[in-house]
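Enquirer: Okay, handing you the structure first.
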Amino acid sequence: MYKSTYMYNKKYKDQARSRKERQDFSFLYKYILMSFLIITLVMGGFFIYPYITKHTSNIKLFNISSIEVKGNEILSYEEIIKNSGIILSKTSIFTNKDTIITNIKKNNLVYDANILKKYPDKIIIHIQENKPVALINLDALYYINEKGRIYSKFNADDNINLPILTGIKKEEILSNTLPEYAITAIDFLKYSSKGIRILGMNNISEINCKDNKYFTIYTNDNGIPIQMKITNLKNDFSRLESVLNHLYRSGLYEKTKKIVINTDKKLYYASFGE
């Protein structure tokens, strides 16, 4: 009886071991096969894609015949197409999109770009532009976008009127990482451009920044310096508009030479002259 049970257990163990070995071999076989297929596909794509690109570039069916551009406000459609290097009805849809993006981004007004291909012959170009909010003086005037990045030199032929930021240290400008008070000034300008404002961006000629968040804002129409501290942009801007509205309505604005606003105590001081 004991011997019979022993033989049964041994037979069972041998069968279990055999099944495990077959399972292990099956798994290993599938793993090797899958790896081989993946490597084949990758290598095939690596060699086949250039071949396809080369031999379809002359097939008119795959030549780009339609281009849609989205997101551009400053640059024209024609400028973007010219910068992209695409020649309609001649450039293949299989052209490397990174090459097209690199060409487009050579223009300093482009912050980022993306390409969507719609086979067989259409592409969509998505543009993110650098939207200038101010100029800053280094060795010359440079544009600053709404994220505080200096991206292009101002040209005297540029048909654009923007406020100038002053008071920022040269080393902070060169590091391309503006301090908090400079970012606050940029946010102030962005806020002034929203809707119809008593003090709109087009009536700000300069903002002089200081470390302690005290700003001197110069108007375009009368050259009036406005000194104020900004700690809460929305509230402080509303306070400034209230002061200017009062001066406009009372007829004193044209005589105003200087405005000092204490936003903490909601007081203001204005000096007048003939």
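The values are calculated or read from the model by the stated rules, or taken from the named source; none is laboratory data. Predicted, not measured: the structure shown is a model, and the values here were computed from it. With ideal geometry, Cβ positions are generated from the backbone for all residues, glycine too; neighbour counts draw on all protein chains shown.
Enquirer: Quickly run through the stretch 141-177 and pick out the residues that are loosely packed, with under 13 Cβ neighbours inside 10 Å and among the polar types (S, T, N, Q).
Expert: The answer is Asn155, Asn159, Asn161, Ser175, Asn176, Thr177.
Enquirer: Output the number of the condition that Leu138 fails; it satisfies all remaining conditions of (1) free of Cβ contacts under 8 Å to residues at least 24 places away in the same chain; (2) surrounded by fewer than 16 Cβ atoms within 10 Å (Cβ to Cβ); (3) of a type outside the set (Ser, Thr, Tyr).
Expert: (1)
Here's the yes/no breakdown for (1) of a type outside the set (Lys, Arg); (2) more than 15 Å from Asn262 (Cβ to Cβ); (3) modelled with pLDDT of 85 or more:
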residue: Ile196; (1), (2), (3): yes, yes, no
residue: Ile204; (1), (2), (3): yes, yes, yes
residue: Asn212; (1), (2), (3): yes, no, no
residue: Asn222; (1), (2), (3): yes, yes, no
residue: Asn235; (1), (2), (3): yes, no, yes
residue: Leu244; (1), (2), (3): yes, yes, yes
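Enquirer: Collect the residues in the stretch 108-135 that are more than 15 Å from Ile183 (Cβ to Cβ) and in contact (Cβ under 8 Å) with a residue 60 or more places away in the chain, keeping them in residue-number order.
Expert: Correct list: Asp121 only.
Enquirer: Could you figure out which of (1) surrounded by 14 or more Cβ atoms within 10 Å (Cβ to Cβ); (2) among the hydrophobic types (A, V, I, L, M, F, W, C); (3) modelled with pLDDT of 85 or more isn't true of Ala270?
Expert: Among (1) surrounded by 14 or more Cβ atoms within 10 Å (Cβ to Cβ); (2) among the hydrophobic types (A, V, I, L, M, F, W, C); (3) modelled with pLDDT of 85 or more, Ala270 violates only (3).
Enquirer: Of the residues that make up the stretch 149-162, is at least one closer than 30 Å to Tyr268 by Cα and assigned to a strand (DSSP E or B)?
Expert: no
Enquirer: What's the total number of residues in the stretch 51-82 that are modelled with pLDDT of 90 or more, part of a helix (DSSP H, G or I) and touching a strand residue (DSSP E or B) at 6+ places or on another chain (Cβ under 8 Å)?
Expert: Result for the stretch 51-82: 3.
Enquirer: So which residues in the stretch 189-237 are within 21 Å of Ser271 (Cα to Cα) and either among the small types (Gly, Ala, Ser) or assigned to a helix (DSSP H, G or I) (or both), if there are any at all?
Expert: Selection gives Asn203, Ser205, Gly223, Asp236, Phe237.
Enquirer: Take the stretch 95-107 and flag every residue that is assigned to a loop (DSSP other than H, G, I, E, B) and exposed (fewer than 13 other Cβ atoms within 10 Å of the Cβ).
Expert: If the condition is that a residue be assigned to a loop (DSSP other than H, G, I, E, B) and exposed (fewer than 13 other Cβ atoms within 10 Å of the Cβ), then Asn96, Lys106 are the ones that fit.
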